[in-house]
Amino acid sequence: MNKKGTRISVLFLIALVSFGNVKAQSLKNVIDKAFQNAEQQSLLMAKKYENQPGRFPKSFEGGKDTSSDSRWWCSGFFPGSLWYLYENNKNEEVLKYAKLYTDRVEREKYTTDNHDVGFMLYCSFGNGLRITGEERYKEVLLTGAKSLATRFDPNVGLIRSWDHNTAVWQYPVIIDNLMNLELLLWAADYAKDENLRKIALSHADKTMQYHFRPDYSSYHVVSYDRKSGTPHKKQTHQGAGDDSAWSRGQSWGLYGYTYLYRETKDKRYLEQAKNIANFLINHPQMPKDFIPYWDYNAPQIPNTTRDASAACVMASALIELSDFVDAKLKKKYMQVVDTQIRTLASDKYTAKLGENGNFILKHSTGAYPFKSEIDAPLTYADYYYLEALTRWKKRL
């Protein structure tokens, strides 16, 4: 190659690197702006409930706030959101509220009639421990894990999700329950308790065996016969139909098997996560912006609601999953995440300061068949959005 050709090649490489830097810088700006908006909005939310002891934001429907006490399965998400915001900016005011709302969840460490103890405690106390190292939080998490473990039946091999509707379900297990195993795995390592680990992995394995269809979509609820330990009923309680793919449930599965691989390095879990990701990304009813409809098989598509919460859980999971795959898949996953985050951070999904009941994101769907929280903000959408932003910012 002559000198002129060499010079053109060098200039081309410089331009290519510069373009990459501009793109990365642009993404950094998106994330920084998203965090800035989220912090301001979340401080307004924190102050709203500061003098309402024991209360947590839940949603905002029909122009009215809806809240809960710590018993509701979502109680750990708002304190968890505050922890992610504090991790990002180290704002002492945010830290004050993160501690305040986290302490409001503590009584749930004794809860044995609810499978969502993991959501409640690991999102709040778990993030608090990870970020601050607060020793007191360890006891809360360990006690909570032992409480959760009481819902495990060795004969069935799974943690029971619900205790109601006994005329229909003998031993119901929902796909969401995968998310609560992370607390058990933490406690198993911390307390050197192999039984807790066995419980978590037994649940993960039987869920993988019975919850998923050949295309790697999942049912929402599988009820087990207590004598045989095998399914007697498979349903999709919050979806369009028993054989449909309820969008948030699919995201729970993706997230669950991703962290299970992180914690165990069992390649079966990695393959399961990759197969679920492939099902979601390539689904014919997945919108171009990768913000799913509330169910991938909803008959009203495209004239029905989206579920931003399903997109947030999916984005957070894909960021982590991208660490465990080859370069080609990593690029594919992160292109999806790029689209999701830029869409969620836009005015279309991000609320203006002081609006939307002080929630960060708009357009989630809680339980469409029950006409509950339809096209509304949800506290767990905000939580997994902030988790996704945090994970991506660390990888820039």
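Please work out the ratio of the alpha-carbon Rg of the range 201-266 to 2.2 N^0.38 Å and round it to two decimals. Walk me through the numbers before you get to the answer.
On the way: Rg = 12.4 Å, N = 66, 2.2 N^0.38 = 10.8 Å.
My calculation over the Cα atoms of the range 201-266 gives 1.14.
Quote to one decimal, in nm, the extra length available between Lys192 and Thr230 on full extension: 0.36 nm per residue of separation minus the C-alpha distance between them. Before the final figure, lay out the partial values.
Numbers: separation 38, 0.36 × 38 = 13.68 nm, distance 3.03 nm.
Result: 10.6 nm gained on full extension.
Would you mind telling me which residue in Thr339, Thr264, Thr236 has the biggest mean-square fluctuation in a Gaussian network model of the chain, where springs connect alpha carbons within a distance under 10 angstrom?
Thr264
Taking a ≥ b ≥ c as the square roots of the Cα gyration tensor eigenvalues, with a/c under 1.5 meaning rounded and otherwise prolate when a/b beats b/c, else oblate, which class fits the range 227-337?
Details: a/c = 2.36, a/b = 1.12, b/c = 2.10.
Oblate, since a/c reaches 1.5 and b/c is not below a/b.
At 7 Å along Cα-to-Cβ for each site, give me the label-to-label distance between Lys138 and Arg342 in nm.
Placing both labels 7 Å along Cα→Cβ, they lie 4.5 nm apart.
Using Cα positions and a limit of under 19 Å, work out the lysines in reach of Lys64, with same-chain residues fewer than 8 apart set aside.
Lys47, Lys48, Lys352, Lys362, Lys371
Compare the Cα positions of Tyr383, His211, Asn37 along the charge dipole of the chain (+1 at Cβ of Lys, Arg; -1 at Cβ of Asp, Glu; about the Cα centre) and return the one farthest towards the positive end.
Asn37
Report the label-to-label distance for Thr112 and Gln335 in nanometres (one decimal), using points 7 Å from each Cα along the Cα→Cβ vector.
Placing both labels 7 Å along Cα→Cβ, they lie 5.2 nm apart.
Which whole-number value in Å² is the accessible area per residue of the chain, probe 1.4 Å?
Working: 16740 Å² over 396 residues.
I get 42 Å² per residue for this part.
For Cα pairs less than 8 Å apart in space and 6+ apart in sequence, what is the mean separation divided by the residue count of the range 42-139, i.e. the relative contact order in percent? Can you show the working numbers first?
Working: 123 pairs, mean separation 25.0, N = 98.
Relative contact order of the range 42-139: 25 percent.
Return the carbon/sulfur percentage of the accessible area of the range 126-182, one whole number, probe 1.4 Å, all protein chains in place.
Working: 1040 of 2040 Å².
Carbon and sulfur atoms account for 51 percent of the accessible area of the range 126-182.
Report the Cα-based extents of the range 120-227 along its three principal axes, largest first, to the nearest Å.
On the principal axes, the range 120-227 reaches 43, 29, 25 Å in Cα extent.
Give the calculated FRET efficiency between Glu92 and Glu50 to the nearest 0.05, with a Förster radius of 22 Å applied to their Cβ-Cβ distance. Please list the in-between numbers first.
Working: r = 15 Å, r/R0 = 0.70.
Efficiency, from the Cβ-Cβ distance: 0.90.
Using 1/(1 + (r/R0)^6) with R0 = 22 angstrom and r between the beta carbons of Lys28 and Asp266, what's the FRET efficiency to the nearest 0.05?
0.05
Summing +1 for each Lys or Arg and -1 for each Asp or Glu, what net charge is found among the other residues whose Cβ lies under 13 Å from the Cβ of Leu178?
On the way: positive: Lys206, Arg248; negative: Asp116, Asp176, Glu182, Asp205, Glu263.
Counting the neighbours of Leu178, the net charge comes to -3.
Using a 1.4 Å probe and counting only protein heavy atoms, arrange Ser68, Ser202 so the residue with the most accessible area comes first.
Ser202, Ser68
What percentage of the solvent-accessible surface of the range 33-116, computed with a 1.4 Å probe over protein heavy atoms, is contributed by carbon and sulfur atoms? Display every interim value, and only then the final one.
Details: 1690 of 3640 Å².
C and S atoms contribute 47 percent here.
Using a cut-off of 21 Å between alpha-carbon atoms, which lysines can reach Lys234, once sequence neighbours fewer than 8 places away in the same chain are excluded?
Lys206
Once you have a ≥ b ≥ c as the square roots of the Cα gyration tensor eigenvalues for the range 59-193, tell me rounded if a/c is under 1.5, and otherwise prolate or oblate according to whether a/b is larger than b/c. Walk me through the numbers before you get to the answer.
Numbers: a/c = 2.53, a/b = 1.33, b/c = 1.90.
Cα axes put the range 59-193 in the oblate bin.
Would you tally the net charge around Asp266, using a Cβ to Cβ cut-off of less than 14 Å, leaving Asp266 out, and scoring K and R as +1, D and E as -1? Spell out each step's value before the answer.
Values: positive: Arg197, Lys198, Arg262, Lys265, Lys267, Arg268, Lys274; negative: Asp205, Glu263, Glu271.
Neighbour charge sum, excluding Asp266 itself: +4.
Quick one: length gained pulling Glu355 to Arg130 fully straight, 0.36 nm per residue minus the C-alpha distance?
Values: separation 225, 0.36 × 225 = 81.00 nm, distance 3.13 nm.
Gain on extension, Glu355 to Arg130, equals 77.9 nm.
Could you give the size of the charge dipole of the chain about its Cα centre, using +1 on the Cβ of each K and R and -1 on the Cβ of each D and E, expressed in debye and rounded to the nearest 20? Please list the in-between numbers first.
Working: 54 positive and 45 negative charges, 276 e Å.
So the magnitude is around 1320 debye.
Considering the options Trp169, Tyr368, Leu82, tell which one lies farthest towards the positive end of the dipole of the chain, charges being +1 on Lys and Arg and -1 on Asp and Glu at the Cβ, about the Cα centre.
Projecting each Cα onto the dipole axis, the largest value belongs to Leu82.
Can you give the helix-only mean residue ellipticity at 222 nm for the chain, where every DSSP H stretch with n ≥ 4 adds -39500 (n - 2.57) and the sum goes over all residues, rounded to the nearest 500 deg cm²/dmol? Write out the running numbers ahead of the final one.
Details: 13 runs with 207 residues, N = 396.
It lands at -17500 deg cm²/dmol.
The values are calculated or read from the model by the stated rules, or taken from the named source; none is laboratory data. Only a predicted model underlies this, so the values are computations on that prediction, with no experimental measurement involved. Because the Cβ atoms are built from the backbone with ideal geometry, glycine has one as well, and the counts that use them run over all protein chains shown. Remember, those area values only see protein heavy atoms, side chains included, never the ligands or the DNA or RNA. Shrake-Rupley method; radii C 1.70, N 1.55, O 1.52, S 1.80 Å.
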